[in-house]
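What follows is a single structure, written as structure tokens, with notes after it.
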Amino acid sequence: MLETVRGAVAALADGLNDLASIGVACAGQIHAETGAVVQAANLGWRDVPLAATLAAAFGVPVTVENDVRAAAWGEYRFGVHRGAGSLLAVFVGTGVGSGVVLDGQLWCGAGNAAGELGHTQVVADGRPCPCGARGCLEQYVSGSGFQRRLRDALAADVKTRLAELTENDPDALDATMVAAAANSGDEFARELWTDATRYLTQAVANYVTLLNPQILILGGGLFEALPELFDGVAGGILKATTELARGSLSIEHARLGDWAGVLGAAALASSEGGSAPLPTVVAR
Ligand SMILES: [Zn+2]
């Protein structure tokens, strides 16, 4: 994978007069000083010296940022909300992540671990999570969480249309199947859908109540594929947060898609700290 990344950077740098720095958005926990990937479960990585490898190959400074935080910064800098004082971006897809900009600064936390919304607990003694805790939001809302629940249900002989839709392969399950089966009255799918909407609303509403952000962005594969999820969660948050937090909040769709993380990482790596405008980019 490092070879592939190095090849991609080399190909991109080929068209530039001057390569000043490299920004990388990477899944997982990133070491604040070394830019190493301490752990990225979905990549199977532990202690991978990503920044050092690219710096040695290209001889320029390299900034590595967590992919979701980079995406939050990208939306903040290049989405429709440039200049907002604060922004909370929540992305739901395979997993659940978030990034926070407070008073114009990307909030990284003391251990560079801020924003792990997917591993906040929403159910006491709930479903086990690969992170070691129980009842994490990600087990009830994400694509991977749906798949785990279907696997358990099939093993327990629960009758559900999702078995046919996935041809008894839980890995083939996606959120649109859950929504379709729930709408057609499938009891198990309805339970998944209700849990997802309820816990996601609860977790994000608590986030909004604590931080009182100006902008809340709801993005990622699930929100893109399921407009009814966006509407349900957005409506629920407004009901569940405080009056003043609600009054100052604007809830928006993500605007930049997969570009958000790319642009955010590039801005964080640039010598202007992302204050200079980037060249025109293709955005949806
Ligand atoms: Zn967890």
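Read-outs throughout are calculated quantities, based only on the coordinates presented, and are distinct from any laboratory measurement. Just so you know, these numbers come straight off a predicted model, no measurement behind them. Methodologically, a virtual Cβ is constructed for each residue, glycine included, from the backbone with ideal geometry; neighbour enumeration extends over all protein chains shown.
Packing-wise, with mean Cβ within 10 Å as the measure, how do 263-270, 171-178 rank, highest first?
Numbers: 263-270: 23.6, 171-178: 18.4.
Listed from highest to lowest mean packing, they are 263-270, 171-178.
In degrees, nearest 10, range 0 to 90: what is the angle between the Cα axis of helix 259-269 and the longest Cα principal axis of the chain?
Helix 259-269 sits at roughly 40 degrees to that axis.
Work from the charge dipole of the range 112-197 (Cβ charges, +1 for Lys and Arg, -1 for Asp and Glu, about the Cα centre) and give the residue of Thr160, Ala182, Ala113 farthest towards its positive end.
My answer, from the dipole projection, is Ala113.
Select from Trp73, Leu88, Thr241 the residue farthest towards the positive end of the dipole of the chain; place +1 on Cβ of Lys and Arg, -1 on Cβ of Asp and Glu, and compute about the Cα centre.
Sorting the options by dipole projection puts first Thr241.
Under the rule of at least 5 residues apart or a separate chain, name every residue whose amide H is placed under 5 Å from the amide H of Gln39.
Here Gln29, Asp47 satisfy the definition.
To make sure I understand, if each residue's beta carbon is the centre and we count other beta carbons within 10 Å, what order do Leu87, Leu2, Leu106 fall in, fewest to most?
Ordered from fewest to most neighbouring Cβ atoms within 10 Å, Leu87, Leu2, Leu106 come out as Leu2, Leu106, Leu87.
Do the sum for the chain: with -39,500 (n - 2.57) for every DSSP H run of n ≥ 4, divided by all residues, what is the mean residue ellipticity at 222 nm, to the nearest 500 deg cm²/dmol? Please list the in-between numbers first.
Details: 12 runs with 124 residues, N = 284.
Helices in the chain give a 222 nm mean residue ellipticity of -13000 deg cm²/dmol.
Determine the gain in length on full extension of the stretch Asp157-Thr242; use 0.36 nm per residue of separation and subtract their C-alpha separation, reporting nm with one decimal.
Values: separation 85, 0.36 × 85 = 30.60 nm, distance 4.28 nm.
Extra length from Asp157 to Thr242 when fully extended: 26.3 nm.
Using amide H atoms built in the peptide plane, which far-off residues or other-chain residues are under 5 Å from Val64 H to H?
Those lying under 5 Å, H to H, from Val64 are Val24.
With angles folded into 0 to 90 degrees, how steeply does helix 227-240 sit against the dominant principal axis of the chain? Use alpha carbons for both and round to 10.
90 degrees
In the chain, if the dipole is taken from +1 on Lys/Arg beta carbons and -1 on Asp/Glu beta carbons about the Cα centre, which of Gly104, Gly44, Gly23 is farthest to the positive end?
Gly104
Nearest 20 debye, what's the magnitude of the dipole of the chain about its Cα centre given +1 on Lys and Arg Cβ and -1 on Asp and Glu Cβ? Could the numbers behind the result be given before it?
Details: 18 positive and 30 negative charges, 89 e Å.
So the magnitude is around 420 debye.
Residue by residue through the range 198-206, what is 3J(HN,Hα) from phi via Karplus (6.51 cos²θ - 1.76 cosθ + 1.60, θ = phi - 60°)? Round to whole Hz and write x for glycine and proline.
Per residue, the Karplus-derived 3J(HN,Hα) values read 5, 6, 5, 4, 4, 5, 6, 4, 4 Hz.
In terms of the Cα gyration tensor, with a ≥ b ≥ c the square roots of its eigenvalues, is the range 5-92 rounded because a/c is under 1.5, prolate because a/b exceeds b/c, or oblate? Let's see the in-between values first.
On the way: a/c = 2.16, a/b = 1.23, b/c = 1.75.
Cα axes put the range 5-92 in the oblate bin.
Taking every DSSP beta bridge that has both residues in the chain, what percent is antiparallel when rounded to the nearest 5? Please report the intermediate quantities before stating the final value.
Numbers: 15 of 29 bridges.
About 50 percent, rounded to the nearest 5.
Calculate how steeply helix 67-78 sits against the longest principal axis of the alpha-carbon atoms of the chain, using the helix alpha-carbon long axis, and give the answer as 0 to 90 degrees to the nearest 10.
For 67-78 against the chain, the angle is about 70 degrees.
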